[in-house]
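The values are calculated or read from the model by the stated rules, or taken from the named source; none is laboratory data. Quick caveat, the model's predicted, so the values are computed rather than measured. Cβ placement follows ideal geometry from the backbone for every residue including glycine, while neighbour counts extend to all protein chains displayed. Surface accessibility is based on the protein's heavy atoms, side chains included, excluding ligands, DNA and RNA. Shrake-Rupley method; radii C 1.70, N 1.55, O 1.52, S 1.80 Å.
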There are 2 protein chains.
Amino acid sequence: MKNCEELTFPKEIKRTKQREEIFRILSEETEPVSAVDIYNRLIQTCGNSNFAISTVYRALGIFEEKGYVSKSTLMGGDMAYYEWNFGTHKHYAICLKCHKLIALKKCPFEHTKIETENDDFVITGHKLELYGYCKECRVEGEDI
Amino acid sequence: MKNCEELTFPKEIKRTKQREEIFRILSEETEPVSAVDIYNRLIQTCGNSNFAISTVYRALGIFEEKGYVSKSTLMGGDMAYYEWNFGTHKHYAICLKCHKLIALKKCPFEHTKIETENDDFVITGHKLELYGYCKECRVEGEDI
DNA sequence: CTTACTGCAAAGGATTTGCAGACTA
DNA sequence: TAGTCTGCAAATCCTTTGCAGTAAG
């Protein structure tokens, strides 16, 4: 599932212990994670101290700015989620009941042309989220 | 542009002065607005006092709960935006430079079937945002 | 009259920032 | 060594909540 075989820390970003750890977590992760998620894993893995949540945010900011990480706010969006850009971008279906994420087989826009109101817009990226109910929640739940 | 000719305050929601004002603002608006936007217009229109931001959030919560308003977090998402559901749902292209919103002609998924990883997901809704550059920002900006 | 809604102020959570010390190149 | 990065704590911003008073049906 992980496609991080040849994934190395970006040369253009200054290496520090903290950033390397954050990079490792992101590169091992296949789903979007929040800054707090990352922080919790850090203090889990690397001992309880020696990490600040602000460092996580700052590192994520750098990674995002350089295009290595994409930030998004899934579902109502109380907090931001981050994921490493592995080259291929992903979309998710999000279960409204259990909040599980299910990746789409492929991007529905690969071969689709999208038109804006006046066609005077150059599209460089997009974000798509599907909402609904996963198998488990559909079976047990008749209150849909 | 406004399609609120026959738009009236929902019968199932208790009428109050405040909710009517909030409803009015939402129904006159053609683009998503934040709770703070609404609050500012309220104190602009209706005098400076007599309105609390919490009332705005609570009213929006009710409207959303009953399905009259949809809430979303556009673009990185520092705050939530709300818009009245006029029957037809809308998607936007968002300029990365000036943050202008441009509505799509039509929903790209109207006739498209989307497949999830295992097809065990019932899709009830979706959210799509396009990013790029509008005409103005493209012309002046060569730093794209 | 009863219940629900409001304003106020305080709390909450996520994210950012200032600053002095620590680390990287 | 110079400049950047870090931890800490405080600050911000958006949003929610508790409570006592007020308004709606």
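Okay, residues lined up against (1) within 23 Å of the chain's Cα centre (by Cα); (2) at pLDDT 70 or above; (3) part of a strand (DSSP E or B); (4) hydroxyl-bearing (Ser, Thr, Tyr):
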{"site": "B:LYS106", "(1), (2), (3), (4)": "yes, yes, no, no"}
{"site": "B:PHE109", "(1), (2), (3), (4)": "yes, yes, no, no"}
{"site": "B:ASP119", "(1), (2), (3), (4)": "no, no, no, no"}
{"site": "B:LEU130", "(1), (2), (3), (4)": "yes, yes, yes, no"}
{"site": "B:ASP143", "(1), (2), (3), (4)": "no, no, no, no"}
Filtering the range B:9-29 down to residues that are open to solvent by 50 Å² or more (accessible area, probe 1.4 Å) and either within 14 Å of chain A (Cβ to nearest Cβ) or away from DNA strand D (no atom under 13 Å from the Cβ) (or both) yields B:ARG24, B:GLU28
